[in-house]
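The values are calculated or read from the model by the stated rules, or taken from the named source; none is laboratory data. Source: prediction; values computed, not measured. Please note: Cβ atoms are built from the backbone with ideal geometry, for glycine as well, and neighbour counts cover all protein chains shown. Side chains are part of the model used for accessible areas, which takes the heavy atoms of the whole protein and leaves out ligands, DNA and RNA. Shrake-Rupley method; radii C 1.70, N 1.55, O 1.52, S 1.80 Å.
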Amino acid sequence: MESGNQGEYDNVEKFDIKIKSKPKDGVILQLHHTVRGSNGESHRIRFSVGTFEDVHEKLACADNIGNIFVLDFSDLKFWKLKSQGPCTALQFSPHNLDTLVVAGAKKFTINFIDCESGTTTVSLLGHTAPIKHISFSNNKINNLLTASPAEAILWELRNYTKYFTLNTYVEAQIQQILFTPAGDYLVACFQNDTVQIWRHETMKSVKQIIPNELKHLKNIAFTMNGRAMAMAGLAPILILFSMDTWKAIKSIDLLKYDIAGVQQMAFIPQMFDGGANKVLAILSSDCNLIFLDLETLKVVNTIQPDSSNVRRFVVSPTGKYFLCVLQLGEINIYNTSYVLESKQSPTEKPIHEEFACTSIKKSNKEHSPTRVEVEAKMRTCMDSARLRRILMQYGEYPDKFRSIIWRSLLATPRNRTAYSVLVDKGIHSSYKDIESQFTIHSSLTLKNLKRLLSCLAHWCPLFGVMKFLPSFVFPFVKILQKDPLLLFEIVATVLLNQCQLWFEYAPFPPVSILAMVENILAEHDRQLLNHFCELGVTSQTYALKILETAFSEVLTCSEWLILWDHILSNEPAYILMAVVSYNIVQKNAIRRLKTHEQLENFFHMQNPIDKKTFLKKAYVLLTETPDDIHPRRFFNSFTPLEKGSCYQLFSGYPKATICLKLAKRERKKQKSGPYTLKELTSKSQEKEINSRLKTTKSSDSESNNSDGIQDKNFIESSSKKTKKRSNRVCNNKDRKTKDDLIQSIMYPATIQLQKKRDNAGGRKDKCSKKEKEASKRSTLPPKVDSEKRNSFLEQEVEKLMQSCSSYEDSND
């Protein structure tokens, strides 16, 4: 192995490309490489090989002199990489999507090139002939297969070493060799008309196929699910072989379709075929590309370019595009859907063409199925295994059928009676004022949210106290609010399965779930976990925040729908793998954040993310996490809602704690309601005291004013001193009266008696002090006093004391 120079060609200039919006015959782009010589004459350099990468929708193609061009259909850009010399094969690495594997023609090297910069990172040596085939294993073993006609080498990509070498002899050279789609087997087609199959893990031969009818065997192809294999050669016979039973399914005579022999073939993945691809693309011996429907045994379309014949073709992994390398060196890039739908088979004729329109409408009306019948038929066809194959092929479910597919995956029972009972209970008290917590502009959405939350709270009291529940269910409300019954049953099924162990310590955080997430992150990315620990960030920040909002705060609407397609199609543990996958994929952005507050904000906003890489990493974590820390060890298997007149009880939460929390909430609500007799008595007494004190103060101020008018002949200085003295006496009396009344209310009679006993001992000392103070005052000169004011104050204090004593007697 040799390491290349890093950063030598970092600056790559990119150019714009234009794709035809209305392609003729399905051709969206034509490529040709023309250069001008020193004498001004132009000549064309022929393209030889090409390959697709569907995650980022890229295409790489190389010409005869080694120029490699990369086209990005998502950004509509193309650029040229540094020439590596003539190459014989190209393939994008599925484990590192920016890496292009190039087979060199001179030294038979295998170069790993960064398709953005053109930098060669790794070079492998070991072949003795030009390499024709490159194949990756799509499983956890992570091996690379390269083959020339003389030998095939299996490379281990963890340390880039040879794992296995298959040598051949002259009469049995390799025609084609590749992994099956699942990576379990390695299949080779040899020049002596035999097909050999090895088990990948042990490299032991498990099957040898020698077809008697088929001579000059040259090509093999697999359906995406790996359950069927097609074999063909220069003889006009096509054989379909079952990989499940190791037996031939059928033999097709290609002479019926004017196909004398097969140079190359490949299956075309299509929407909703579940990986059991029905259309086979065949490059015939007369260089025409024919699309054959293996189910109806009819030709769908034929590619016959006017300028030149087809030399080879390449189909993208998802079947969205395919390219044809023409004999003149050009490349035509096709949109597969246009090709398969643009031309109807000439053998098909319009039905009932000779009948009147009225009769056609009548017959259609008589035989048109109802919606219930259509949905029932769709459910029987959409078993979970078939739906998962569709999801793995196309990455998402179609928006039009998403609700029906989710319903099928979760096996919702449609318990209308049980749901009606929950709805009839009305809006739950916990969610009557939900609009004050969230800003929801649509009244219909608010109504549906209240109804869903109330039904959940009536179903289980736990859901009336969980504060995060509105944020968790809100995205489901936005998507499924047209069918409230389906909305409730999907959310309830998610809470039963994907949210296992979330509520075992409710209302506190789910410690078990957070520990699982932390263990998985420590297993697969210790550096990121150390970064979180250095900043003091726990799994409550980088995991719980994502889970409580069901990923709705960190993903866009389309990304959220795609993610939940995968969550609902997999085992319950997948949601935790998605949390760890999100952190790992966003690792570069997270490492730039240096404070706890920045990380808190990061997990509350939508951040750009490659959804395909994100989902693929989640599947890697699901398969490669050790069993001792895998969540499936602690989770139960999927449990749907039971069909019947009522839903099963929701368990798995501390009932006593939740009941206490509900009781505490009710007490808070009733705090402003009716009081006990003791509380009412104390409140009325305080109110009476305050009102009487106010009356006393107002009467004092009036008497002061009247006395001031009547006694204005007195000396001004003595009048002021008398007023101060009388006010001081009045205030002391009022304060003493109020304190005594409040003390009698706050302390029972027994406590009052005890306080009087405790204070009895200190009265003599207080009296002696008062006598001394009085003797001191007697030595002072006599003061001028108002007799009228003193007499009035004495009378008012006497009245107040009598009224307070009578009020206490009446209460007792």
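Filter the chymotrypsin sites (Phe, Trp or Tyr not before Pro) in segment 137-182 to those in DSSP coil with at most 13 other Cβ atoms within 10 Å of their Cβ, and list the result.
TYR169
Here, segment 212-343 yields an orientationally averaged convex hull projection of 7.8 nm² when only Cα atoms define the hull.
Between segment 434-474 and segment 539-561, how many Å separate their Cα centres? Computed from Cα coordinates, the inter-centre distance equals 18 Å.
When the surface is traced with a 1.4 Å probe over the full set of protein chains, CYS455 keeps roughly 0 Å² accessible. Near SER285: Cβ cut-off under 14 Å, other residues only, Lys/Arg at +1 and Asp/Glu at -1. The net charge is +2.
In angstrom, the C-alpha Rg and Dmax of segment 49-188 are 14.7, 48.
Using a cut-off of 26 Å between Cα atoms, the listed pairs LYS482/LYS617; LYS107/LYS616; LYS106/LYS320; LYS20/LYS320; LYS82/LYS106 include LYS482/LYS617; LYS107/LYS616; LYS106/LYS320 as exceeding that distance.
Loop-only check: which chymotrypsin sites (Phe, Trp or Tyr not before Pro) in segment 382-454 are DSSP coil with at most 12 other Cβ within 10 angstrom?
Sparse-neighbourhood loop chymotrypsin sites (Phe, Trp or Tyr not before Pro): PHE438.
Projecting the Cα atoms of THR168, SER251, ILE141 onto the dipole axis of segment 115-271, where Lys and Arg carry +1 and Asp and Glu carry -1 at the beta carbon, places ILE141 farthest toward the positive end. Loop-resident GluC sites (Glu not before Pro) (DSSP state other than H, G, I, E or B) in segment 432-525 with no more than 14 further Cβ atoms inside 10 Å of their Cβ: GLU504.
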